[in-house]
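A short write-up of the structure that comes next.
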Amino acid sequence: MRITTPLTATVFAALLATQAIPGRAATPTASATLLARSTLLGVQSAMREARQGGKITVDAATCVQSLQAGALVPVFETAVKDNWSAAEIDAIEAFLATPAGRKYAERSVTQARLDAGETLTAPIAEYTEEEIAAVDRFRKTPAGAQLMARSEFAKSSSRQAIQSRLLELLTGCRAVP
């Protein structure tokens, strides 16, 4: 998915937000971190396009590019907890801790980079036969469906919280009117 405007980036992030845990955890969950990283990549892509189109300043674009996913993780932690059951969260975290899950997360972020128009500097990590089987098994579970098939969080309050946090970050960078 290619994001072409700041508004579209915010909407994209809100849609992704329909899958996220409460408050700030001592150690961020892999799921919230993955969602935050992917969302930020989309927003940064949109801001690069906005800069190229003369819609934001160089300083604003530079500021947005310097943002770190950690700035979004707490809101995704809350969204995960508010939208997924404890059993789903446990299953997702367990999957993401496996070799197949780590590769899934790596490939997801790589895909977000490609969708954002970046060029690859290294080949995409290939799955082994065992990892393909593990990903397929996980995808068929309720937790797998939550992580892999849904495009947004069910609760509008989660989507709104993510959108508000993104707006706060972009405002801090002077990347919104």
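Taking segment 133-151 as the range and being open to solvent by less than 60 Å² (accessible area, probe 1.4 Å) and outside any helix (DSSP H, G or I) as the test, only T141 passes. Within segment 158-177, restricting attention to residues that are open to solvent by less than 70 Å² (accessible area, probe 1.4 Å) and over 17 Å from A36 (Cβ atoms), the residue that is modelled with the lowest pLDDT is V176.
Table: residues versus (1) in contact with a Leu (Cβ under 9 Å, 6 or more places away or on another chain); (2) over 28 Å from Q68 (Cβ atoms).
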| site | (1), (2) |
| --- | --- |
| E129 | no, yes |
| A143 | no, no |
| M148 | no, no |
| R165 | yes, no |
| T171 | no, no |
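Have a look at E130, E88 and point out the one that is of a type in the set (D, E), open to solvent by 50 Å² or more (accessible area, probe 1.4 Å) and without any contact (Cβ under 8 Å) to a residue 60 or more places away in the chain.
E130
The residues of segment 5-45 that are at pLDDT below 90, among the polar types (S, T, N, Q) and open to solvent by 30 Å² or more (accessible area, probe 1.4 Å), listed by number, are T5, T8, T27.
Which condition from (1) at pLDDT 90 or above; (2) crowded, with 23+ Cβ neighbours inside 10 Å; (3) not polar (S, T, N, Q) is the one that R48 breaks? It is condition (2) that R48 fails. Total residues in segment 91-113 satisfying the condition of being crowded, with 16+ Cβ neighbours inside 10 Å, within 15 Å of the chain's Cα centre (by Cα) and without any contact (Cβ under 8 Å) to a residue 60 or more places away in the chain: the figure is 2.
Taken over segment 51-73, the residue count meeting the criterion of being open to solvent by 40 Å² or more (accessible area, probe 1.4 Å) and either within 16 Å of T110 (Cβ to Cβ) or among the aliphatic types (A, V, I, L, M) (or both) is 1. Among the numbered conditions (1) closer than 30 Å to A50 by Cβ; (2) in contact (Cβ under 8 Å) with a residue 12 or more places away in the chain, the only one that T141 does not meet is (1). Condition check for G117 on (1) exposed (fewer than 13 other Cβ atoms within 10 Å of the Cβ); (2) more than 30 Å from T57 (Cβ to Cβ); (3) touching a residue at least 40 places away in the same chain (Cβ under 8 Å): one failure, at (2).
The values are calculated or read from the model by the stated rules, or taken from the named source; none is laboratory data. Computed from a predicted structure; not experimentally measured. Methodologically, a virtual Cβ is constructed for each residue, glycine included, from the backbone with ideal geometry; neighbour enumeration extends over all protein chains shown. The protein model used for the area step is the full one, side chains on, heavy atoms only, and it has no ligands, DNA or RNA in it. Shrake-Rupley method; radii C 1.70, N 1.55, O 1.52, S 1.80 Å.
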